[in-house]
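Encoded as structure tokens, here's the structure I'll be asking about.
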Amino acid sequence: MDNESMSEISEVTLDPFYIPPRGRYPIFFLGVLIYLFAMFCNLTLLALIVFERKLHTPMYFILFSLPLNDLVGISAMLPKVLSDIVTGTRKMHYYPCILQAFLLHMYGGGVLFILAAMAFDRYAAICMPLRYRSVMSVRTVVCVVCLVWGLDFVLILLLFVLQMRLPKCRTGLMNVFCDNPSLLKLSCGNTALSNIVGLVTTAVMQLLSVSVQLFSYVRILMACRLGSQRSEAKTKAINTCVSQLIIFCIFEIVGTFTILSHRFKNVSPDLQKIMGMLIFLVPPILNPIVYGLKTSEIRNTLMRLANKRASNLPCSCNAGITVAEQKTLHKPMFILLLNLPIMDVIGATAFLPQLVHSIVSKNRTISYPGCFIQAVLIHFYGMGNFVFLTAMAYDRYVAICSPLRYNSIMTPQVVKRIIIAVWLADVFFFTLLFSLTGRFRICRTKIVDIFCNNPSLALLIHI
């Protein structure tokens with residue numbers, strides 16, 4: 001066993017969560033929503049920095065690396081974990097496992113170095129305002145960004161070179177994803193050097209990051225107290241530094257809880273796995289939100305673009321939010337219209353995630369209850385669109401043919417009754433439809449379609 005080489009290990013076995021069969025799909029859909037939300041927020045921040053000339057400043061060029069790094073972290077971890085949950089797979093090829101671990105460690109080190117670079121930029125902007133343009137020139141910013149990514153890459157590469165040179169004699173990873181400590185436990189050689197280098201590398205990363213940030217923020221506070229324009233300097237410091245401090249605290253708090261969860265023996269393994277995942281989930285979700293809320297330039301740019309293009313966005317969620325928020329749209333026509341994007345969300349959610357999962361996992365099977373629910377939601381969407389469009393047509397008929405009586409006919413009470421009647425009619429029709437199908441015995445299992453619907457289910461029954 002001691003002579004086995006790394007090349008003889010073709011795959012590793014992960015240690016997934018225990019999830020009851022009924023809980024797999026709800027957790028999968030929740031995870032997909034979290035992933036899509038994080039992707040949307042970080043890609044939005046990246047797009048704003050790229051396309052808005054007002055944000056083409058040293059601060060935002062350095063900030064550009066943060067959402068990019070967040071996308072690397074969450075994309076390296078979450079899709080694989082969700083795929084394993086829904087398919088029940090515990091195996092992973094060895095080299096993709098190495099790649100996943102490398103990207104996750106690159107993400108962790110990247111957060112520390114990027115926040116240090118951003119803190120130095122704020123120090124230069126507040127403590128040396130007259131020399132800021134010359135200090136943070138384009139060349140300097142490029143060098144800082146290259147140093148951040150280059151130093152992160154070299155330190156993490158050193159960890160994995162030391163780990164990969166050791167012979168492997170085990171295949172079981174005690175985690176839901178791959179990381180360097182778990183991979184190191186697969187080795188049957190002497191891991192002392194790798195452990196020491198790992199501890200030193202972690203200490204160097206933390207020491208460099210914390211030292212630069214501590215120096216920068218202490219000097220900023222001193223500039224605020226000693227500067228001639230004390231109130232203006234203090235306001236500027238708070239507005240530009242609070243976001244970085246919040247993001248750093250989020251990362252360190254989550255990281256500390258993750259480390260502590262592995263140090264106490266009475267902590268359940270599932271809780272340890274969850275804490276390990278949080279460091280790759282919480283920062284990518286909260287970082288763009290924190291910057292969007294606390295940084296006035298990004299917030300104002302985003303609001304301006306949203307107001308300018310809201311009418312042109314073909315998005316059901318956007319239409320629903322716009323109708324709900326704008327008081328000028330609180331009219332019978334738009335209150336009825338609000339139900340239409342809700343129906344669209346139901347239809348898209350019932351159809352698309354299962355289709356994507358089938359394509360990615362190449363799994364052509366679906367449980368009968370899951371298939372039945374999908375068919376119910378799809379028909380609910382179809383019938384709901386039909387009846388709501390009918391209600392909206394009636395509203396337009398009253399508005400155009402009886403304009404003087406419109407407000408007396410389409411009162412809030414009448415609109416509420418119409419909406420309740422439409423939803424009840426939709427529920428009645430699909431309940432009647434599926435109650436007829438559900439009372440027969442199933443004698444076939446193959447549906448000749450890419451999704452479940454009532455006609456396809458009807459072909460499975462035995463009369």
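Between a first residue in the range 33-59 that is part of a helix (DSSP H, G or I) and a second residue that is surrounded by 14 or more Cβ atoms within 10 Å (Cβ to Cβ) and among the hydroxyl-bearing types (Ser, Thr, Tyr), which pairs have beta carbons less than 7 Å apart while being 6 or more apart in sequence or on different chains?
Leu45/Tyr291; Leu48/Thr301; Ile49/Tyr60; Lys54/Thr301; Leu55/Thr301
Could you grab the pairs with beta carbons closer than 9 Å, sequence gap of 6+ or different chains, first residue in the range 243-254 and within 12 Å of Ile289 (Cα to Cα), second one open to solvent by 60 Å² or more (accessible area, probe 1.4 Å) and part of a helix (DSSP H, G or I)?
Once the first residue is within 12 Å of Ile289 (Cα to Cα) and sits in the range 243-254, its partners that are open to solvent by 60 Å² or more (accessible area, probe 1.4 Å) and part of a helix (DSSP H, G or I) give Ser243/Leu293; Ser243/Lys294; Ile246/Leu286; Ile246/Lys294; Ile247/Leu286.
Still on this structure: Of the residues Phe380, Phe388, only one is open to solvent by less than 30 Å² (accessible area, probe 1.4 Å), part of a helix (DSSP H, G or I), of a type outside the set (Asp, Glu) and farther than 26 Å from Leu459 by Cα; which?
Result of the check over Phe380, Phe388: Phe388.
With the checklist (1) surrounded by 12 or more Cβ atoms within 10 Å (Cβ to Cβ); (2) under 36 Å from the mean Cα position of the chain (by Cα) in hand, flag the one item Pro369 doesn't pass.
Among (1) surrounded by 12 or more Cβ atoms within 10 Å (Cβ to Cβ); (2) under 36 Å from the mean Cα position of the chain (by Cα), Pro369 violates only (1).
Can you say whether Leu338 is buried (at least 18 other Cβ atoms within 10 Å of the Cβ) and among the aliphatic types (A, V, I, L, M), as far as the supplied structure shows?
Yes; evaluated as a whole, the condition is true for this residue.
Moving on to the next point. For residues that are open to solvent by 20 Å² or more (accessible area, probe 1.4 Å), charged (D, E, K, R) and closer than 30 Å to Thr171 by Cβ, tally how many sit in the range 44-93.
3
Here's a check for you: in the range 391-423, which residue that is open to solvent by 80 Å² or more (accessible area, probe 1.4 Å) and aromatic (Phe, Trp, Tyr) is nearest to Leu336 (Cα to Cα)?
Tyr394
State yes or no: is Ser358 within 20 Å of Ile461 (Cα to Cα), modelled with pLDDT under 80 and of a type outside the set (Val, Ile, Thr)?
Criteria not met by Ser358.
Taking Asp426 and the conditions (1) loosely packed, with under 12 Cβ neighbours inside 10 Å; (2) in contact with a helix residue (DSSP H, G or I) (Cβ under 9 Å, 6 or more places away or on another chain); (3) among the charged types (D, E, K, R), which numbered condition does it fall short on, given that it satisfies the others?
The number of the failed condition is (1).
Can you find, within the range 158-194, the residue that is most open to solvent (accessible area, probe 1.4 Å) among those that are among the aliphatic types (A, V, I, L, M) and assigned to a loop (DSSP other than H, G, I, E, B)?
Restricting to residues being among the aliphatic types (A, V, I, L, M) and assigned to a loop (DSSP other than H, G, I, E, B), the top hit is Met174.
The values are calculated or read from the model by the stated rules, or taken from the named source; none is laboratory data. Quick caveat: nothing in here was measured; it's all calculated off a predicted structure. When we count neighbours, we look across all protein chains shown, and the Cβ atoms used for this are built from the backbone with ideal geometry, even at glycine. Each accessible area value is taken on the protein alone, full model and side chains, heavy atoms only, with ligands, DNA and RNA left out. Shrake-Rupley method; radii C 1.70, N 1.55, O 1.52, S 1.80 Å.
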